[in-house]
Amino acid sequence: MSSNEQILKEVNRRKTFAIISHPDAGKTTLTEKLLLYGGAIRLAGAVKGRKAAKHAVSDWMEIEKQRGISVTSSAMQFDYQGYRINILDTPGHQDFSEDTYRTLMAADSAVMLIDGAKGVEEQTLKLFHVCKMRGIPIFTFINKLDRYCKNPFELIEEIEKTLGIQSYPMNWPIGTEGNFKGVYNRELKQIELFNNQQDHGQAVIATTTLSVDNEQLVELLGADLCAQLCEDIELLNIAGDRFDLEKVKAGELTPIFFGSAMTNFGVEPFLEKFILLAPSPAERKTNQGMKSPHEDRFSGFVFKIQANMDPAHRDRIAFIRICSGKFERGLEVNNVRIGKTIKLAQPQQFFAQERSIIEEAYAGDIIGVYDPGVFNIGDTLCDINESFRFEGIPIFPPEHFALVTTKDAMKRKQFLKGIAQIAEEGAIQVFKKPNIGIEALTIGVVGVLQFEVLEYRMKNEYGVDINLQRLPYCYARWVMPENVAKDLVGYSGSIDLVEDQYNRPVLLFKDQWSLNRAIDNNKGAKLYDVAPTNLI
Ligand code: G4P
């Protein structure tokens, strides 16, 4: 096989996706079950210990272990039916960080996981908008069907109305009021029976199927549920959206799967369909046109930088999403931003707490490399004979702000160094007040937990105790042009004007009301809720 043919084959068998959900919807459980069916783990429970030691395998930092939550995100890889699946782990707890958004830049599709009893929740909505912005396909898994759930028609309406996307249920639940019996598979026109696993579905189960004209059906489901199913299916067929793969690919229509990750029900049928419908790596935009994933020259970009992967070694790891070509250990690449050749000597793959050295990888794969301080988020890495840039990674607006100073004025140097390094990793955003010194910095974060992480890391890594005084702002908007920005602030006590790290003006708002007012009386200014990369 020629090298081009090999690249084509490898790229086409890759499916790289992220799961987006609100905390507690079951993301850890679903991830674990996908790994179970993919043969990457033998018994569920390996990814996250239950209650007693409730922290995910992707926890590295001590603070995460203390809090029992995952602040970092990583990638997990397994093979399934000839496909190579990369699941990008997006932290699912309440205090998610900008990393969660950025991880979506590395995904080719997303699985939106929804708790059937709760419907579309706040964080799902935020993450959905990032997926929508990228136009990537979104697959929906409605979870926890083994318990009482909202009416499925209501759920679908909620998804379509709140998210502005069409939908197509691939299967349809039977009994959603705590009397779950299984699903009707619309494509195969068969019933898949629910078999309640009492052990949290630790092991793989086979799906029990029944044709719709089976005489046992009424006996198994009961006359009422049978009649309800027939009525529902008829309604869906008449009034529902039609399945349209082109719309799925464009992120305009989401295929919906009902299931129960905890009991394993619906996980395998989902995975089987997902690998067929989800896209393989596609071409990506650069400042010199589109870059095909099948090109033999290597390219990729840094989407995440993680410090303290191994607390014993204070190391920084840059995560690279490969976009084209074949990656081989020791490859030399051009870091276009600094115009330097860098050898990717010890490329690693992360699975749980284990790392393994990667010998080769292709578009769609994620590799982690040691960062001696040469990488920034968004850096393009390409063949040493090329020089182009992938579209920048957008900067998302922080939602929490604080004024940060060092307690000990003698440690000002370490203070600034620590803040600068943590900001480089993208964990915090630093804002300055125009014409005011840098003794006190305005720090913005997407998730409030990042403040705790900042305090902890400043003390443990840089030996600096900080004062952190929360500021009452909750919205940030980049604004152009600058002179109008000053007018907008006017005498309002609810708005402040600061500058981001690229000296771009940013307005901070205390409440929705003052934000809306600024939008209405904008005096010709443009407000951006995602930092426009072309302004850098
Ligand atoms: P997250 O990563 O999205 O935050 O969610 P996670 O998987 O940790 O699941 C949150 C809770 O929901 C867990 O219960 C989990 O067992 C439960 N869960 C996940 N999928 C299902 C499902 O299909 N059906 C039902 N009934 N529950 C589900 P927990 O009580 O917090 O922990 P545990 O004791 O079960 O570990």
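Between LEU193 and TYR148, the simple label model (points 7 Å from Cα in the Cβ direction) yields a spacing of 2.7 nm.
Is the range 161-283 best put as rounded, prolate or oblate by its Cα gyration tensor, with a ≥ b ≥ c the root eigenvalues, rounded for a/c under 1.5, and otherwise prolate when a/b is larger than b/c, oblate when not?
Judged from the Cα gyration tensor, the range 161-283 comes out oblate (a/c at least 1.5, b/c at or above a/b).
Karplus-based coupling profile of the range 147-160, in residue order and whole Hz: 10, 4, 10, 5, 4, x, 5, 5, 4, 5, 5, 4, 4, 5, with θ = phi - 60° in 6.51 cos²θ - 1.76 cosθ + 1.60 and x standing for Gly or Pro.
A crude spin-label estimate for the pair LYS486 and ASP529, with each label 7 Å from Cα along the Cβ direction, gives 2.9 nm. Residues with beta-carbon under 12 Å from that of LYS411, excluding LYS411: net charge, scoring Lys, Arg +1 and Asp, Glu -1? So the surrounding residues net to +3.
Grab the DSSP H runs of the chain that are 4 residues or longer, score each as -39,500 (n - 2.57), total them, divide by all residues and round the 222 nm result to the nearest 500 deg cm²/dmol.
Numbers: 14 runs with 141 residues, N = 536.
Dividing the helical sum by the residues of the chain leaves -7500 deg cm²/dmol.
Note down the net charge around LYS432, summing +1 for each Lys or Arg and -1 for each Asp or Glu among other residues with Cβ under 9 Å from its Cβ. Please list the in-between numbers first.
On the way: positive: LYS433; negative: GLU499, ASP500.
For residues surrounding LYS432, the net value is -1.
Label the chain by shape, choosing from rounded, prolate and oblate, from the square roots a ≥ b ≥ c of the eigenvalues of the Cα gyration tensor; if a/c is under 1.5 it is rounded, and otherwise prolate applies when a/b is larger than b/c, oblate when it is not. Note, shape of the chain comes out prolate.
Any chance you could run the full-extension gain for MET1 through LEU276? It's 0.36 nm times the residue separation minus the Cα-Cα distance, nm to one decimal.
Details: separation 275, 0.36 × 275 = 99.00 nm, distance 2.44 nm.
Additional length available on full extension: 96.6 nm.
For the pair THR162 and GLU439, what calculated FRET efficiency results from E = 1/(1 + (r/R0)^6), where r is the Cβ-Cβ distance and R0 = 56 Å, to the nearest 0.05?
Working: r = 44 Å, r/R0 = 0.79.
Efficiency computed from Cβ-Cβ geometry: 0.80.
Counting only C-alpha contacts under 8 Å and six or more residues apart, can you give the relative contact order of the chain as a whole percent? Mind dumping the intermediate values first?
Values: 1146 pairs, mean separation 71.7, N = 536.
It rounds to 13 percent for the chain.
Cβ-Cβ distance of TYR502 and LYS118, R₀ of 45 Å, FRET efficiency by 1/(1 + (r/R0)^6): the value works out to about 0.70. Determine the relative contact order of the range 400-535: mean sequence separation of Cα pairs under 8 Å and six or more apart, normalised by residue count, in whole percent. Relative CO of the range 400-535 lands at 27 percent. Angle of helix 267-277 to the longest C-alpha principal axis of the chain, folded into 0 to 90 degrees and rounded to 10: 70°.
Partner lysines whose Cα lies under 22 Å from the Cα of LYS526, excluding those fewer than 8 positions away in the same chain, are identified as LYS126, LYS132, LYS432, LYS433, LYS486, LYS510. As a proxy for reagent exposure, HIS129, HIS400 were ordered by neighbouring Cβ count within 10 angstrom, fewest first; the result is HIS129, HIS400. With the cut-off at under 15 Å, measuring from each backbone N in the range 478-520 to a point 7 Å along the Cα-to-Cβ line of HIS129 picks out 478, 509, 511-513, 515-516, 519. Fewest neighbouring Cβ atoms within 10 Å first, the residues ILE275, ILE114 line up as ILE275, ILE114. Of the residues CYS131, CYS474, the one with the fewest other Cβ atoms within 10 Å heads the list, and the complete ranking is CYS474, CYS131.
What net charge do the residues around ARG297 carry, taking every other residue with its C-beta under 11 Å from that of ARG297, with Lys and Arg at +1 and Asp and Glu at -1? Kindly include the intermediate steps, with their values, before the conclusion.
Details: positive: LYS291, LYS326; negative: GLU295, ASP296, ASP383, GLU386.
Around ARG297, the charge tally is -2.
Computed from the coordinates by the stated procedures, all read-outs in this text should not be read as laboratory data. Since the structure is predicted, the reported quantities are computational estimates derived from the model, not experimental observations. Neighbour counts run over all protein chains shown; Cβ positions are idealised from the backbone, glycine included.
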